[in-house]
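The values are calculated or read from the model by the stated rules, or taken from the named source; none is laboratory data. From a predicted model like this one, the values you see are computed outputs, not experimental measurements. Cβ sites come from the backbone with ideal geometry, for glycine too, and all protein chains shown count toward neighbours.
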Amino acid sequence: MQEFARKFYKSKAWQVCRAAYIAWRVLVDGGLCECCGKEPGYIVHHEIMLTPENINDPEVALNPEYLSYECKACHDLHEGHGVGKGKKPLARFGPDGQPVDLRRI
Ligand SMILES: [Zn+2]
């Protein structure tokens, strides 16, 4: 998760918004992924990529119009989401084949 988003995802406003959105999706179809409709939802996804400019704008960040409830597999397909996409790796493999923790270098 990007640093600027950390505070947002911990905020009460987001927690309430997210819980309300999931509760609504459960009423609609039992809480299935809105993308594939097969797997249960796992992550509330922002359809507008959050940036330092829009993350404090409730019309973007807390607007159910721009949210979707998705399973992990579908969510990971979004650009910049999921492990290994758009993020610096936290580990790499050393010559002995063991992972090297970059945070300790
Ligand atoms: Zn899905």
Checklist entry - under 24 Å from PHE4 (Cβ atoms), of a type in the set (Gly, Ala, Ser) and at pLDDT 95 or above, is that true of ALA91? => result no
Next on the checklist: Pull out all pairs, ordered by first then second residue, where Cβ-Cβ is under 8 Å, the residues are six or more apart or on different chains, the first lies in the range 57-74 and is farther than 16 Å from ALA20 by Cα, and the second is of a type in the set (A, V, I, L, M) and within 16 Å of the ligand (Cβ to nearest atom).
Outcome noted: CYS71/ILE43; LYS72/ILE43
Item to check | Residues (more than 13 Å from the ligand (Cβ to nearest atom) and over 14 Å from ALA13 (Cβ atoms)) located in the range 47-70 | outcome: GLU47, ILE48, MET49, THR51, PRO52, GLU53, ASN54, GLU65, TYR66
Item to check | In the range 13-34, the residues that are of a type in the set (Gly, Ala, Ser) and part of a loop (DSSP other than H, G, I, E, B) | outcome: GLY30, GLY31
